[in-house]
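Peer 1: Would you mind keeping the following structure in view while I ask a few things?
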Amino acid sequence: QVQLVESGGGLVQAGDSLRLSCSASGRTRFTMGWFRQAPGKERESVAAINGNGAYTAYEDSVKGRFTISRDNAKNTVYLRMNVLKAEDTAVYYCAASPGVGRMLEGNEYTYWGQGTQVTVSS
């Protein structure tokens, strides 16, 4: 069993930066992903990283602005978000899976956190 707890969300202005953290308990060398869901919209992928951090994947809308990383010694995955836009406003979820074929496919993830709210004012 893996438990995930996100933190770091908040209210910021457009152009600002935030760093989200996802602390994991249990077996943690899983592929980890960040997903988000805005009000009235479907969940969408944001970024993912494999177990040793060698491979990452990003949704096109965040490429060049967001960076996913992990510190396995701390059992923590991070999402650094720069140049935030109003359209980045959403609840951000951390997810984990022992193995995924498509890193940005949410249905392939087994464990999910409760989410952290990110609000970007324009």
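The values are calculated or read from the model by the stated rules, or taken from the named source; none is laboratory data. This is a predicted model, so every value here is computed, not measured. We place every Cβ from the backbone using ideal geometry, glycine too, and count neighbours over all the protein chains shown. The area values use the complete protein model at the heavy-atom level, side chains included, leaving out ligands, DNA and RNA. Shrake-Rupley method; radii C 1.70, N 1.55, O 1.52, S 1.80 Å.
Peer 1: Does M81 satisfy being surrounded by 20 or more Cβ atoms within 10 Å (Cβ to Cβ), aliphatic (A, V, I, L, M) and modelled with pLDDT under 95?
Peer 2: The answer is no for M81.
Peer 1: Of all the residues that make up the stretch 16-53, how many are open to solvent by 70 Å² or more (accessible area, probe 1.4 Å), more than 14 Å from the chain's Cα centre (by Cα) and not charged (D, E, K, R)?
Peer 2: Qualifying residue count, the stretch 16-53: 3.
Peer 1: Please name all residue pairs, on different chains or six or more residues apart, with Cβ atoms under 6 Å, provided the first residue is in the stretch 62-78 and is at negative phi and crowded, with 18+ Cβ neighbours inside 10 Å and the second residue is of a type in the set (G, A, S) and not in a loop (DSSP other than H, G, I, E, B).
Peer 2: Here the result reads F66/A47; I68/A47; T76/S21; T76/S23; Y78/S21; Y78/S69, each pair linking the stretch 62-78 to a residue that is of a type in the set (G, A, S) and not in a loop (DSSP other than H, G, I, E, B).
Peer 1: Let me ask something else. So, in the stretch 84-99, of the ones that are part of a loop (DSSP other than H, G, I, E, B) and modelled with pLDDT of 95 or more, which residue ends up least open to solvent (accessible area, probe 1.4 Å)?
Peer 2: Of everything passing the filter in the stretch 84-99, L84 is least open to solvent (accessible area, probe 1.4 Å).
Peer 1: Still on this structure, please answer the following. Against the definition (open to solvent by 20 Å² or more (accessible area, probe 1.4 Å) and part of a strand (DSSP E or B)), how does R102 come out, yes or no?
Peer 2: No, not satisfied.
Peer 1: Looking at the structure I just gave you, is G40 of a type outside the set (F, W, Y), in a loop (DSSP other than H, G, I, E, B), in contact with a strand residue (DSSP E or B) (Cβ under 7 Å, 6 or more places away or on another chain) and free of Cβ contacts under 8 Å to residues at least 40 places away in the same chain?
Peer 2: No: the conditions fail for G40.
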